[in-house]
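The next block holds one structure in the form of structure tokens; read it before the comments.
The values are calculated or read from the model by the stated rules, or taken from the named source; none is laboratory data. As the structure is a computational prediction, the values presented were derived from the model and not from experiment. All Cβ positions, even for glycine, are placed from backbone atoms using ideal geometry, and neighbour counts span all protein chains on display. SASA here: full protein model, heavy atoms, side chains in, ligands and nucleic acids out. Shrake-Rupley method; radii C 1.70, N 1.55, O 1.52, S 1.80 Å.
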Amino acid sequence: MNRRYLLPLAPVAVCLGLGIAGPAWSQASLPFAKAFNPGSILAGGTSNLLLAIDNINGGVAVTNLAVIDNLPAGMVVANPSNAATTCTGGTLTAVAGSGTITYTGGSLGANAYCEISVDVTVASAGTYVNTTGDLTSSLGNSGPATATLLATATPPPPPPTAAPTAVPGLPLFGMLALGGILAGLAARTLRKRG
């Protein structure tokens, strides 16, 4: 058989009007990513946790966006949380001091992009690996997103600067008296030499 003429059956059948349908086309799930900005802070400092949802190449609007992010032990939502989203509608919950961020009921237009951002903080130095739950939507399950925040120990304060030690001085009268004594000794020395 001459393999040059082998073609997939379904597309050829559709072109010939044979009524045989190929596999239904479906848009891939939404690309979903996460980042901390900055990615390294001092313990006790604040970093912005960012969730990015990308429908730039999507030809259809997306609804029912939902994701839960359980923060790792030692990381909590900062106060203030500065929680915000550029996704359309939905409910973003990020209570200061809590270890959970949730977003539900959002939507995203065709060929669009949106973000969810919340400030977080950690009290201790360490490496904090944060993986969200799955992002779900009307397109299906996009899976989780992961990012790492590095917190370093706060450096100790510098030691206090010692005040310069004052050199004890003589009062004016003492200075005059000392000058007189030295002058007398010098005169005596000269007389002896003479």
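Details
- Against the conditions (1) farther than 22 Å from residue 105 by Cβ; (2) modelled with pLDDT of 95 or more; (3) not in a strand (DSSP E or B), residue 57 satisfies every one except (2).
- Single condition residue 103 does not satisfy, out of (1) surrounded by fewer than 18 Cβ atoms within 10 Å (Cβ to Cβ); (2) within 15 Å of residue 137 (Cα to Cα): (1)
- A Cβ distance below 6 Å, combined with a sequence gap of six or more or placement on separate chains, defines the contacts here; from the range 70-82, residues that are polar (S, T, N, Q) reach residues that are outside any loop (DSSP other than H, G, I, E, B) and surrounded by 15 or more Cβ atoms within 10 Å (Cβ to Cβ) in the pairs 81/118; 81/119; 82/119.
- Every pair of residues 6+ apart whose Cβ atoms lie under 7 Å, when the first sits in the range 106-123 and is closer than 14 Å to residue 32 by Cβ while the second is of a type in the set (D, E, K, R): 113/54
- Subset of the range 69-83 (residues that are in a loop (DSSP other than H, G, I, E, B) and either among the polar types (S, T, N, Q) or open to solvent by 60 Å² or more (accessible area, probe 1.4 Å) (or both)): 73, 79, 80, 81, 82
- Residues that are open to solvent by 50 Å² or more (accessible area, probe 1.4 Å) and modelled with pLDDT of 95 or more occur at least once in the range 43-53.
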